[in-house]
Every structure is written in structure tokens, then in C-alpha cells.
Amino acid sequence: MALRDTPANRDELLQQLESARSHDVPWKSGRAFGYVFETGDDAQALGKTAYASFLTENGLDPTAFPSYPRLENDVIGWVLDQTRCPAEGVGIFTSGGTESILLAVKAAREAARAARPDLARFELVLPITAHAAFFKAAHYFDLDVVTTAVDPESFRADPGAIEAAITERTAMVVVSAPSFAHGVVDPVAEVAAVCRARGVWLHTDGCVGGWLLPYFRALGAKVPDYDFSVEGVQSMSVDLHKFAFCAKGASVVLFRTPALRRHAAFACGSWTGYSLVNFGVQSSKSEGPVASAWATLQAFGHQGYRAQVEGMHRAAERVRAAVRAHPDLRILGEPCMSLFAIASDTVNVFHLQDELRLRGWHTRSQLRRGPSPENVHVLLTPVNDRWVDAFINDLGEAVEAARALPPSELAAQLREMFANLDPANVSDDVIAGMMSSAGVSQGALPGRTAEVNQMMNALPTAIIERALVHYVDGTFRPARG
Ligand SMILES: Cc1ncc(COP(=O)(O)O)c(C=O)c1O
């Protein structure tokens, strides 16, 4: 649509904005898992007020806005305490898990370059369960990814495989606490021993669970050591906008020492403008996220988080018990928080996901990768607690409905076609045709997504990635008026 010529009426605009989100996932219902981490109580409401009140202040220049480093230093200090970092630890407040990860990887690459100036290229060693953001970081910073196998039962990283993958080019090894896909914590101490012996930087990705894991552990969840208490963990990422219930745009990346963090810094005195220096990717940035995180973390306090975790732990245990008791379903690995993956050997999980959606439940599906079969991902937050019984009931019904649905013929044809076809020889038109056969057009997905997911599950990785870009390219097309 074209920009209006005359200023618009305020109420009309707010109404239009409201209608713009009419097809969004109904996160307030408590029947959507993930995306939004709501507790629905006063602590979060205060965070939103703080966000709005600091929305306009600019974190670009700490000399103009000394409130920015003041609030950031408090927040970083709290997360360093939570992750048992020695006194000299430091951090960076970032816009999200991806920025935290980008900065950790960038720092490790600079450290590797400084230590081994004779080498031109460096590598990132990633268990296949490491988050996609590390693959993105490798892509941005021109590092080679070396993936390692995980245990086929526990889905935890394999320290032996990591040891075998380390070379003189390794800039960083990554472990998760926990992984997004399965919600399991890697054997961090064992991997750290390998990294120490080889002099390699180890990063613990605690983006999804790093803040709440200590409370889950206090309730009896089996959580191995994963933080700075493990000698050899050099950096850690912890998102506050996930399971610390802060508003989006809030994550931290922590470093064991200031010397390690210095590798993330960027300074520029080479141009005609102001001297630029910062640790983050962003330069001009709203102070809203850090002010909001500062207020939210304190409004909950340890007691508030403990109370939230008690409810989430109970809810997650009940759903997992119901899944384990169901003859057609199983939980992958031994998740220790409230996120986990449901797989089935008898029922098509993509149909299951559709059937859950028809009953009002919004889950995400995960494709088959290595030993991890295709599955439905569930991530419970406090707003989901009251719906546990209804979810368990509908899950049973959804399994029965999914059982009656046929497997995709398109997926079978594509699997056969790609068995003898080099992905490099596939044209953009073929990708577009495939997507349209599965019902995807102009960035819009069909009502039932099982066909699309089964198709994706049948494709080689390189083609999956091109199909994803095709989709996003169709989604972000301005309608010029
Ligand atoms: C373990 C883990 N790492 C990194 C990320 C990336 O975080 P973000 O989406 O905030 O960039 C996520 C997101 O879910 C995650 O679960």
C-alpha cells in the first residue's frame, strides 16, 4: 500500500495495526508453544512499562547516555552470578541469541587468528544439535563448519567425536545447555577436558535455558555442570527474552575474562565522522530492551523465578509422562527443562502437528537430521500450565486422526528423484514448481502443512535451504500502491 499523503487519524491507525495481527499465532490463549515466553503477571507488565519509558534513549554513546552502561553492567553482573563466573568475568548485552552467538564466534576467530597467524582459515566444531545461529556465524565470518555426531539415544554431544574433529584450525567448540531441538544438556565437563587439553575455546550455548537451569536443577532435574564452574568454558550465551521472560531484544554473551571479550570489540577512527567503538553488532539502539530486562529480572527476583519453574516443571513432567505412556509416541532423549521433542514410529508426526493445530495447539515440527527422527517440538511456558490436561487429551485424539491420513506421494517421488540427482543441477524453476506442488505460493502456506513438511523431509539439505529461501523471498515482497 502507498504511504498516505496526509497524516492519519491515530485511532484508525491503531485499529489497522490491530487488524494486521489478526492471523498471528494466538499466543495469549496459552495454546501456542514457544515464540512468546509469557507468565502473564505483574513482573512482566512492569518490564513492558520500563521498555516504553526507555524506548527513545540511544545506547550508541555511553557518554551521552550513561544510564545505558549502568543498566547493562547490572544485568550482566546478575547473569555472571547465575552462571557462576569468576570475579573477572565480563559480558555484552545484545539484541538476541543470534547476536550473542555472532559475537562469541567473532571473538574466538580473532583469538585464533592472533594465536596462529600462519593459518588462513579456521573451523567451528559443532555437534549437529548446535543451534542454526552458529552455522550463520560461520557463514558471516567465513569459518568452515565441522559437524560432529551426537549419541543416537540421548542426543547429547559425543566428546570422542569432538576430540577427533579438533585440528590446529579449530577456533571454537560449541556445546548446548540445553539444546533447542531436544532440550538436553551436553556433557560439558567431558568436552571441556578435551578442549583444555587441546587449547581450544569452548562456548556453552545457554540461550534457551541458561537462566532457568539452576532452578530446574534445584527441583531435582538431572542437569550436569554446564557453566563457568566448568574450567575451560570460555564464553556463554544466555537469552533473557526467552526463559527469563524479558521483552524481546534481550540476550547476553559472557566471557571468562576481559581479554577474551576484547576480541569482540570494534573501533573505527578511519572515517570523517564520530569515533565509533562498541562490542555489539548494533550501533544506534534503543535503551528499551536493557531497561526492561533490568526491571523484569528484579521484579521476579530468585523467588519469582523459582515459583514459575515449579509450575513449568510439573506441567512438563505431566505431558512427558502422558507421551511416554502412549503406545505410539516417545520423547527423544532425556530433556531436563520444559522443552522436548515428540517422535513416533507409527504415526506421521507432520499430520499429528496439523491435527493439533486443528484443535487449537500451535507446535513446531522438526525435520529428520542424523539420528534425530522427524518430530513435534513442544516448549511449555507458564501460560501453558493451565492447559496441560486439555493438551494431553487432544494429543491422544490427534494421534488417532493422524493415523488415518496417507503419507505424501510428492515426498516419495522427490526422494526417488533426488537419489540420482546432483542438487547443484537443480534450477530455481524446479524449486518453485516443487513448492507450488506442495501448496506453497507467494510466501503463503496451505492450511495443512504436512505435505510441505513431508516434502522438506525428503529433500537433500542443500535443496531444503534453497526451498526455505524461496519461501522467505516470496513472503517479503512489498505491495507497492
Ligand atoms: C539454544 C539456542 N541458541 C540460540 C538461539 C537463537 O536465539 P535468537 O532466536 O534469540 O536469535 C535459540 C533460539 O531458540 C536457541 O534455542
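A few comments on the model shown:
- If you take the Cα centroid of the stretch 428-481 and the Cα centroid of the stretch 41-94, the two points sit 39 Å apart.
- Remark: the stretch 301-403 is approximated by an ellipsoid whose semi-axes, taken from the C-alpha gyration tensor as √(5λ), come to 24, 15, 12 Å, largest first.
- A Förster radius of 60 Å, combined with the Cβ-Cβ distance separating S275 from N9, puts the computed FRET efficiency at roughly 0.85.
- When DSSP beta bridges are restricted to pairs lying wholly in the stretch 112-211, around 10% turn out antiparallel.
- Across the alpha-carbon set of the stretch 211-275, the Rg to Rh ratio works out to 1.15, Rh being the Kirkwood radius.
- Length released on extending from H362 to R403, taking residue separation times 0.36 nm less the Cα-Cα span: 12.8 nm
- Distances between placed amide hydrogens fall under 5 Å for V145 paired with L124, all partners being 5 or more residues away or on another chain.
- Positive minus negative residues near Y35 (Lys, Arg vs Asp, Glu; Cβ under 15 Å): +4
- With an a/c value of 1.5 or above and a/b not larger than b/c for the gyration tensor axes a ≥ b ≥ c computed over the alpha-carbon atoms, the stretch 70-220 is described as oblate.
- With contributions of -39500 (n - 2.57) from each DSSP H run of at least four residues, the per-residue ellipticity at 222 nm computed over the chain stands at -13500 deg cm²/dmol.
- Ratio Rg/Rh, restricted to the chain and using Cα atoms, in which Rh is the Kirkwood radius: 0.96
- Cβ-Cβ FRET estimate between D144 and I392, R0 fixed at 41 Å, reported to 0.05: 0.35
- Computed from backbone phi, the HN-Hα couplings of the stretch 238-250 come to 9, 8, 8, 7, 10, 7, 10, 6, 7, 5, 4, x, 9 Hz, rounded to whole numbers (Karplus: 6.51 cos²θ - 1.76 cosθ + 1.60, θ = phi - 60°; Gly and Pro given as x).
- Prolate is the label for the stretch 234-391, because the ratio a/c of its alpha-carbon gyration tensor axes (a ≥ b ≥ c) is 1.5 or higher and a/b is greater than b/c.
- Compactness of the stretch 409-475, expressed as Rg and Dmax over alpha-carbon positions, Å: 11.0, 32
- With the highest mean first, a sort of the peptides 205-216, 356-367, 432-443 on other beta-carbon atoms found within 10 angstrom per residue produces 205-216, 356-367, 432-443.
- Linear extension gain, L468 paired with N425, 0.36 nm per residue minus alpha-carbon span: 13.7 nm
- DSSP-defined antiparallel bridges as percent of all bridges, the chain, nearest 5: 60
Throughout, read-outs are computed from the coordinates displayed, never taken from laboratory work. Because the structure is predicted, anything quoted here is derived from the model rather than measured. Virtual Cβ from ideal backbone geometry, glycine too; neighbours counted across all protein chains shown.
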